[in-house]
Amino acid sequence: FVDDRYVDLLKTKIHSISETFGVEVTNIECSPDHFHMLFKAGPTLNLPKYINALKTISSREIRRNFPEVKQVLWRDAFWSRSYFLATTGQVTLDILKKYVDRQAEERDAVDKED
């Protein structure tokens, strides 16, 4: 995600999908090959279904709007099959927000190197 157009579309789609699932997105920032997201959700959220919707819809929309992205995919896969999810029980929300915010700074630093 070194192109701001991809990042903007990804963030827009995540917010839209999250609203449908009743999820409150606090922050999203991208690294070159993944994104970090803070969100608040109720205990009844079906996390696998939510994550699958995020991946499926964002992949489809980015491919549709930016067909050139296919040239940089590995075996035509936009997302890997895995994801990492952690709860915030050990750190404050402010610490997590700072961590996620740093992802944008790191992405910008990588972009400047290229």
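The values are calculated or read from the model by the stated rules, or taken from the named source; none is laboratory data. All values reported here derive from a predicted model rather than from experimental measurement. Virtual Cβ from ideal backbone geometry, glycine too; neighbours counted across all protein chains shown. SASA here: full protein model, heavy atoms, side chains in, ligands and nucleic acids out. Shrake-Rupley method; radii C 1.70, N 1.55, O 1.52, S 1.80 Å.
What the table shows:
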quantity: Dimensions in Å of the range 1-71 - Rg and Dmax from alpha carbons; calculated: 12.3, 39
quantity: Unsatisfied cross-links (Cα-Cα over 18 Å) in the set Lys55/Lys97; Lys40/Lys98; Lys40/Lys97; calculated: Lys55/Lys97
quantity: For the range 17-51 and the range 52-72, distance of Cα centres in Å; calculated: 17
quantity: FRET efficiency, 1/(1 + (r/R0)^6) with R0 35 Å, evaluated for Lys70 and Asp101 via beta carbons; calculated: 0.70
quantity: By accessible area with a 1.4 Å probe, ligands and nucleic acids excluded, highest first: order of Arg75, Arg81; calculated: Arg81, Arg75
quantity: Nearest-10 value in Å² for the accessible area of Lys70, using the 1.4 Å probe; calculated: 120
quantity: For Ser31, distant residues with modelled amide H under 5 Å away; calculated: His36
